[in-house]
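J.: Structure incoming, see below.
Here, each number is a calculation from the coordinates, and none is a lab measurement. Just so we're clear, the structure is a prediction, and the values are computed from it rather than from any experiment. Backbone-built Cβ (ideal geometry, glycine too); neighbour counts: all protein chains shown.
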Amino acid sequence: MKLAARLLFLVVVLSGGAYAQDPEPVKGFDRNKLFFGGNFGLSFGNNTLVNISPQAGYRFSRHFAAGAGINALYSSFRTRYVDGSVYSKQSYGMAGLNVFGRAYIIDQLFLQAQPEANYIWGKYIQYDVSPPYEMKSKGEVLPSLLLGVGAAIPAGTGSFIIMAQYDVLQNGRTPYGDKIFFSFGYNIGGRR
């Protein structure tokens, strides 16, 4: 009888401890489920790249999150002769909006869909002719639909995000090219 009472006491204590680890879920909006992050990059030299693409999202449940972001990217590439003088310079810019949805297969692995609308413009200058030849591309809004798989690696108060994505729309001038591309970022917050 004493053994049964001790086992019952142990079960009650352990189940109470397990219950204490899972607090009652907050009803309605929970600011602890907000997360912020995105992609940021800088590179200077013959190839210049400036990418500032922040995103904000909300973790609705353990398996679903969604949000929105801004795309801002500038890229330029200089072609040089052997003596170092510049032959040509090609540059383009992109500014747009995106929304995304994530379905978490497990806590660290998710699928993502991200429709975008980006305004894209560009310019090409050839310097070895007089006067230099300049061609500007007509700015236009191009849609993209990025589908991909990602990993969320816990770190500090957030997660490193590594993703492989592909633009399935493949319209004529997609800024993402016709191959799978990889992106890296960091999300702060977003407890499930």
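J.: On the first, second and third principal axes, largest extent first, how far apart are the outermost C-alpha atoms of region 53-134 in Å?
T.: The Cα atoms of region 53-134 stretch 62, 25, 15 Å along the principal axes, largest first.
J.: Cut-off 19 Å, label point 7 angstrom out along Cα-to-Cβ of ASP128: give me the residues of region 66-106 whose amide nitrogen falls inside.
T.: Answer for region 66-106: 77-91.
J.: When the Cα atoms of the chain are enclosed in a convex hull and the volume is divided per residue, what value in Å³ results?
T.: Considering the Cα atoms of the chain, their hull volume per residue is 158 Å³.
J.: Helix 2-21 versus the longest principal axis of the chain: what is the Cα-based angle in degrees, 0 to 90, to the nearest 10?
T.: 30
J.: So which trypsin sites (Lys or Arg not before Pro) in region 61-100 are both in a DSSP loop and have at most 13 other Cβ atoms within 10 Å of their Cβ? Can you show the working numbers first?
T.: Details: sites: ARG62, ARG78, ARG80, LYS89; in loops: ARG62.
Filter output for region 61-100: ARG62.
J.: So, one more: Percent of alpha carbon pairs in region 102-168 separated by more than 16 Å?
T.: Value for region 102-168: 66 percent of Cα pairs lie more than 16 Å apart.
J.: Please report GLU116, GLU134 as a ranked list, fewest other C-beta atoms within 10 angstrom at the top and most at the bottom.
T.: The most exposed by this proxy come first: GLU134, GLU116.
J.: List the relative contact order of the chain as a percent without decimals, with contacts defined as Cα pairs under 8 Å and 6+ residues apart. Don't skip to the answer; put the middle values down first.
T.: Numbers: 436 pairs, mean separation 32.9, N = 192.
Once normalised by length, the contact order is 17 percent.
J.: State, to one decimal in nm, how far the label point of ILE105 lies from the label point of LEU145, with both points 7 Å from Cα in the Cβ direction.
T.: Taking the two extended label points, one gets 2.1 nm.
J.: Shifting gears a bit: I need the phi-derived Karplus couplings for region 125-132: 6.51 cos²θ - 1.76 cosθ + 1.60, θ = phi - 60°, integer Hz, Gly and Pro marked x.
T.: Ordered by residue, 3J(HN,Hα) equals 10, 10, 8, 8, 10, 10, x, x Hz.
J.: For a test of understanding, tell me how many lysine pairs in the chain have Cα atoms under 28 Å apart, given they are 8 or more places apart or on different chains.
T.: Here the count comes out as 9.
J.: Specify the longest stretch of the chain that does not include any exposed loop site, a site being one of the chymotrypsin sites (Phe, Trp or Tyr not before Pro) with a non-H, G, I, E, B DSSP assignment and at most 13 other Cβ atoms within 10 Å.
T.: 82-192
J.: In addition: Mark the label point 7 Å from the Cα of THR48 along Cα→Cβ and return the residues of region 61-99 whose backbone N is within less than 17 Å of it.
T.: The answer is 72-80, 85-95.
J.: Mind checking which of GLY148, VAL86, LEU42 is farthest towards the positive end of the chain's charge dipole, using Cβ charges of +1 (Lys, Arg) and -1 (Asp, Glu) about the Cα centre?
T.: After comparing all options, I get GLY148.
J.: Turning to a different aspect of this structure: Just the C-alpha atoms of region 59-102: what Rg/Rh do they give, with Rh taken as the Kirkwood radius? Don't skip to the answer; put the middle values down first.
T.: Numbers: Rg = 19.5 Å, Rh = 13.9 Å.
Expressed as Rg/Rh, it is 1.41.
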